[in-house]
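Here the structure is laid out as structure tokens; the discussion comes afterwards.
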Amino acid sequence: MQEAQGLTLFKKMFSSIYPEILESEWAFIASNCTYHTIAGKQNIIRQDEIQKNIYFLTSGLVRGFYINSKGEEMTIRFINNQGWITHYTALISNIPSKYIFQSLEPCTYITLPFSTIQDSYERFKGLEKFGRLVAESILKTQQNRIESFQFQNAEQRYISFIETYPELYNRVSLSHLCTYLGIQRQSLTRIRKKIASQ
């Protein structure tokens, strides 16, 4: 995907959330964006690193994870086309990220400095509204993730995953999916066989 196409997708996302965006507002944002292409298995955000940017994925697939006390990678999120890549609470608190965000396949993404976002709030009241709506969307995703463990069993979490992310079903490994769902591989195999037989 070329840079112009990436910026077009980025603008389309802006307009879907904030339809009344002014050209002056978009020009300010676009002038501060940078476009990147990376291969698979590359870190975009590193654990214990303070984020200076927020990232918008224009193509590809990214996994967010952390490494537990046993040295195991625990998946917390998958981000596919046109999703935000960030440990948001760490970003706004200016503290190191607890998570690693890594490409699972070749990706293209837009980088927007957090300082630009903050500056845009001072310059343009409309962009302040946009920022609030994006924050609400990110926090809603995080809350849904928490509540899935509180109110759903393993099978319900798996069904919810394939209903919410049908395009990811064949793009993530079973080991990554197991850590995301919080279940052992054998349990996931049993669940999949049960569903297939119904």
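The values are calculated or read from the model by the stated rules, or taken from the named source; none is laboratory data. All figures in this text were calculated on a predicted structure; none of them were measured in a lab. Cβ atoms come from the backbone with ideal geometry, glycine included; neighbour counts cover every protein chain shown.
Testing Cys107 on (1) surrounded by 13 or more Cβ atoms within 10 Å (Cβ to Cβ); (2) out of contact with any Leu (no Cβ under 9 Å at 6 or more places or on another chain), one condition comes back false. Which one is that?
For Cys107, the exception is condition (2).
I'd like to verify a number: residues in segment 1-48 that are of a type in the set (A, V, I, L, M), modelled with pLDDT of 90 or more and part of a helix (DSSP H, G or I), how many?
Going through segment 1-48 one residue at a time, the tally reaches 3.
Filter segment 61-75 for residues that are surrounded by 15 or more Cβ atoms within 10 Å (Cβ to Cβ) and either at pLDDT below 95 or not assigned by TED's automatic domain parsing to the domain that holds Gln142 (or both) and give the result.
none
Can you tell me how many residues within segment 21-47 are of a type in the set (A, V, I, L, M, F, W, C), touching a strand residue (DSSP E or B) at 6+ places or on another chain (Cβ under 6 Å) and closer than 18 Å to Val62 by Cα?
Just the residues of segment 21-47 that are of a type in the set (A, V, I, L, M, F, W, C), to begin with: 21-22, 26-30, 33, 38-39, 44-45.
Those left that are additionally touching a strand residue (DSSP E or B) at 6+ places or on another chain (Cβ under 6 Å): 33, 38, 44-45.
With the extra rule that they be closer than 18 Å to Val62 by Cα, the set shrinks to 38, 44-45.
Residues in segment 21-47 being of a type in the set (A, V, I, L, M, F, W, C), touching a strand residue (DSSP E or B) at 6+ places or on another chain (Cβ under 6 Å) and closer than 18 Å to Val62 by Cα: 3 in total.
For the list (1) surrounded by 14 or more Cβ atoms within 10 Å (Cβ to Cβ); (2) over 30 Å from Ile29 (Cβ atoms); (3) of a type outside the set (Gly, Ala, Ser), I need the number of the one condition that Glu147 fails.
Exception for Glu147: condition (1).
If a residue must be of a type in the set (Ser, Thr, Tyr), farther than 25 Å from Glu3 by Cβ and outside any helix (DSSP H, G or I), how many such residues does segment 96-139 contain?
Here the count works out to 2.
Residues of segment 172-188 being loosely packed, with under 14 Cβ neighbours inside 10 Å and more than 15 Å from Ile159 (Cβ to Cβ), which ones? So that I can check it myself, show each step before the final result.
Residues of segment 172-188 loosely packed, with under 14 Cβ neighbours inside 10 Å: 173-175, 182, 184-186.
Within segment 172-188, Ser173, Leu174, Ser175, Gln184, Arg185, Gln186 meet the criteria.
Which condition number in (1) under 17 Å from Met13 (Cβ atoms); (2) surrounded by 17 or more Cβ atoms within 10 Å (Cβ to Cβ); (3) out of contact with any helix residue (DSSP H, G or I) (no Cβ under 7 Å at 6 or more places or on another chain) is the one that Val134 fails?
All conditions pass for Val134, except number (3).
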